[in-house]
Amino acid sequence: MPTSSKPPSGPHRGGRPSSPPSGQGRGRPHHRPEKVAPDRTSPELGPDGLPQVSLLRRGVERWQAGHPWIYRADLNGDPGLQGGEIVRVTDGRGWFIGKAFYSRQSKISLRWLSFDDVAVDEDFFRQRLLSAQALRKSALLGETTYRLVHGEADGIPGLVVDRYGDYLSVQFLVPATEQRKALIADLLEAQFKPRGIVNRSDVGVRNLEGLTPEKGLLRGELPPGPISFDEGMVRVRADLLEGQKTGAFLDQKENHVMAAQYAAGEALDCFSYVGGFALQLATRAQSVTAVEISDQAAAQLRENAQANKLSNVDVVAANAFDFLRDAVDDGRKFDTIVLDPPSFAKNKDAFAAAVRGYKEINLRAMQLLRPGGHLITASCTYHVDEQAFEDMLASAAADAKRRMQIIERRGAGKDHPVLVNLRETRYLKCYVLRAM
Ligand code: SAH
């Protein structure tokens, strides 16, 4: 078994689990080293025939504190499984404490499915999908483009499903969902009758799970070309198979529409993709400059502007870092600026470099703003949390010698729920600042 260092799990508070599993005993002091069970060559099976995975004390405490992930270092030895199984989770004495997906290769070994001893079968997943759908139905009022399943935050770890009207775009991110592709596709077909389901599991995080990235048509037919969907007054077209992510950045959908409200005069949108922000700005601003490094995305953005009869959008295929530096050097000014870069840090070791990157673009944007102008600035880097992001903004404003007011602190839309016990689900920050 490869040894892996344990990611931070927060400070330990107190020495005892909040509720001792048996309710008797006095709770042993925790400084005594715990005996780890020998690695198993064949799994231990529970009463329902499912394999059991037992946790060390620290893992039990973490599970009981509500964290939906258990790391490899907190397992009581190697359970002798292949990966992808639904398992019974037990404490050191073999008491059942829940059910989870098991991953063999990832540092994250267990992902929560249930605290109760229920059957995790077709009906279990059907109910989770129905519950996810109920949230979108009540929160999004008749919209047909949204994130339908947001992994852990909807109780189906390692599964992302985005709905674009008649089509679904899906990511299977862990062995357990990868191995249940057919079941999940059956359930989605029965529930939504989509014309097609596209598999966009072409993402690097699959490598951490021992899965290779893959994409293609999963069920039904491919959309004939880019599909269209509405965001407020604007119609956006995006390619489900060839576009980034599952086709579009649905997490920013509500923020796109919000941005129109602040648009005025000369606007600048950096890291535009197919124009989620740029098109909204163009409905209110005199002119919009959109900077995007991918030629393919820039071309789609030009098409989108035309289709919306927005002739005031100038699309520049360039590196936004260079564009911002040159704009400052040339003494240019803007009234509204949007910064929505890709993630700058995939892990916490890249934190400092990520903050430097954010500071560079935010500092320049602040220098470019006219008094009274707005900066809409986003970060989808989970490792840079709200506090770190605000510290970066404060430092950028100081260096720019500008006074900046925070007008709004926003996150992803309501179709990207945040699980209170899993901070990782709160990854997107989107601030509206105003230059004094
Ligand atoms: N703002 C978009 C999403 C942006 S995703 C929306 O709301 O829909 C980040 C985008 O930045 C991607 O399209 C990517 O191609 C682009 N990008 C990445 N690095 C860049 C760089 N250095 N300069 C300009 N664009 C970049």
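General remarks:
- For the residues THR336, THR381, the requirement of being assigned to a loop (DSSP other than H, G, I, E, B), closer than 28 Å to GLU231 by Cβ and not aromatic (Phe, Trp, Tyr) singles out THR381.
- Verdict on ALA318 being near the ligand (Cβ under 9 Å from one of its atoms), hydrophobic (A, V, I, L, M, F, W, C) and surrounded by fewer than 18 Cβ atoms within 10 Å (Cβ to Cβ): yes
- Of residues in segment 278-304 being closer than 21 Å to LEU240 by Cβ and open to solvent by less than 10 Å² (accessible area, probe 1.4 Å), the one nearest to the ligand (Cβ to nearest atom): ALA297
Conditions tested, residue by residue: (1) at pLDDT below 95; (2) buried (at least 17 other Cβ atoms within 10 Å of the Cβ); (3) in contact with a His (Cβ under 6 Å, 6 or more places away or on another chain).
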position	(1), (2), (3)
ALA132	no, yes, no
LYS137	no, no, no
GLY142	yes, no, no
TYR146	no, yes, no
ASP154	no, yes, no
PRO175	no, yes, no
ILE184	no, yes, no
LEU188	no, yes, no
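- Residue match in segment 313-322 (condition: more than 30 Å from LEU208 (Cα to Cα) and free of Cβ contacts under 8 Å to residues at least 12 places away in the same chain): yes
- Flag for LEU113 being open to solvent by less than 20 Å² (accessible area, probe 1.4 Å) and either over 23 Å from ARG200 (Cα atoms) or not in a loop (DSSP other than H, G, I, E, B) (or both): yes
- Checked against the criterion of being open to solvent by less than 40 Å² (accessible area, probe 1.4 Å) and within 16 Å of GLU152 (Cα to Cα), segment 34-53 contains not a single residue that satisfies it.
- Meets criteria (at pLDDT 95 or above, closer than 23 Å to THR177 by Cα, more than 24 Å from the chain's Cα centre (by Cα) and open to solvent by 20 Å² or more (accessible area, probe 1.4 Å)) for ASP78: yes
- All of ASP329, ASP385, ASP391, ASP340 fail the test of being of a type in the set (Asp, Glu) and buried (at least 19 other Cβ atoms within 10 Å of the Cβ), apart from ASP340.
- Each residue in segment 138-180 was checked for being assigned to a strand (DSSP E or B) and of a type in the set (Ser, Thr, Tyr), and 5 pass.
- Residue tally, condition surrounded by fewer than 20 Cβ atoms within 10 Å (Cβ to Cβ) and either in contact with a Lys or Arg (Cβ under 9 Å, 6 or more places away or on another chain) or among the small types (Gly, Ala, Ser) (or both), over segment 401-416: 7
- Taking residues in segment 330-348 that are near the ligand (Cβ under 9 Å from one of its atoms), and partners anywhere that are of a type in the set (D, E, K, R), the pairs with Cβ atoms closer than 8 Å and at least 6 places apart or on different chains are VAL338/ASP269; ASP340/ASP269.
The values are calculated or read from the model by the stated rules, or taken from the named source; none is laboratory data. Keep in mind it's a predicted model, so treat the numbers as computed, not measured. Cβ: placed from backbone, ideal geometry, glycine included. Neighbour counts: every protein chain shown. Remember, those area values only see protein heavy atoms, side chains included, never the ligands or the DNA or RNA. Shrake-Rupley method; radii C 1.70, N 1.55, O 1.52, S 1.80 Å.
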